[in-house]
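Asks: Got a structure for you, questions after.
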Amino acid sequence: MNLEKIKAALNDFVQNRNLKLFDIAYRRNDNTLSVLLDEKLSMDELEVISAEISKFLDQYDDDFEGNYFLDVSTVGVERPIRNEEELKEAIGSYIYVKEGKQEYYGTLNSFEDGIMELETKDKNRSKLVKIEYQKAKGLRYAVRF
């Protein structure tokens, strides 16, 4: 299966509907094609676009080994931060970072020279934490409660 070919075609398809494709992934173990949209959509809107995507993907049926399950959803508020460009866009946002066994929730103040500066709370006191981007795992936006 040429997932990149399908992704490029699907990206054009959703852009023509003024939507943004976040990512697609295919899991062979359960034959699921996951399509993630970077949008805020109601369940009704998601149902409509899911049906449109399903119909569009019918032309690629030969690229799949048998039947597959299509899962169309939105990234959501805790969307992953996948690369340095997305991290720069997240400056000023509340995020989650895992570094080794440490987990941090806080506001990303800056990202320069591969170092993130995160303002966190430690027993209701503000604390600045510096984390190397290369050592960070599980970067994502977070919801503050």
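Asks: Could you go through the range 96-115 and let me know if any residue there is in contact with a Lys or Arg (Cβ under 7 Å, 6 or more places away or on another chain) and closer than 21 Å to E39 by Cα.
Replies: Looking through the range 96-115, at least one residue is in contact with a Lys or Arg (Cβ under 7 Å, 6 or more places away or on another chain) and closer than 21 Å to E39 by Cα.
Asks: Name the single residue, out of those in the range 38-63 being touching a helix residue (DSSP H, G or I) at 6+ places or on another chain (Cβ under 9 Å) and modelled with pLDDT under 95, that is nearest to V75 (Cα to Cα).
Replies: E39
Asks: Taking the residues in the range 87-139 that are among the acidic types (D, E) and within 20 Å of V77 (Cα to Cα) as candidates, determine which candidate is surrounded by the most Cβ atoms within 10 Å (Cβ to Cβ).
Replies: E119
Asks: Every residue in the range 80-131 that is among the acidic types (D, E) and assigned to a strand (DSSP E or B), please.
Replies: E99, E103, E112, E117, E119, D122
Asks: Across the range 132-145, which residue is farthest from E89 (Cα to Cα) among those that are in contact (Cβ under 8 Å) with a residue 40 or more places away in the chain and not in a strand (DSSP E or B)?
Replies: Only one residue tops the list, namely R144.
Asks: Would you tally the residues in the range 70-90 being among the small types (G, A, S) and closer than 17 Å to D113 by Cα?
Replies: Matching residues across the range 70-90 total 1.
For (1) of a type in the set (D, E, K, R); (2) under 15 Å from A142 (Cα atoms), each residue gets a yes or a no:
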residue	(1), (2)
D71	yes, no
I91	no, yes
I95	no, yes
K98	yes, yes
K101	yes, no
L118	no, yes
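Asks: Here are some residues: S93, S42, S34. Which one is of a type outside the set (A, V, I, L, M, F, W, C) and in the same structural domain as E112 (by TED's automatic domain parsing)?
Replies: Answer to the check: S93.
Asks: Identify all residues within the range 36-50 that are within 15 Å of Q15 (Cα to Cα) and among the polar types (S, T, N, Q); write none if there are none.
Replies: Selection gives S50 alone.
Asks: Also, I was wondering about something else. Is it true that G76 is closer than 30 Å to L10 by Cα and modelled with pLDDT under 95?
Replies: It is true that G76 is closer than 30 Å to L10 by Cα and modelled with pLDDT under 95.
Asks: With E99, E112 as the choices, which residue is under 21 Å from N83 (Cβ atoms) and out of contact with any helix residue (DSSP H, G or I) (no Cβ under 9 Å at 6 or more places or on another chain)?
Replies: Just a single option satisfies the conditions, and that option is E112.
The values are calculated or read from the model by the stated rules, or taken from the named source; none is laboratory data. Since we're looking at a predicted model, the values are computed, not measured. Cβ coordinates were reconstructed from backbone atoms using ideal geometry, including for glycine residues, and neighbour counts include every protein chain displayed.
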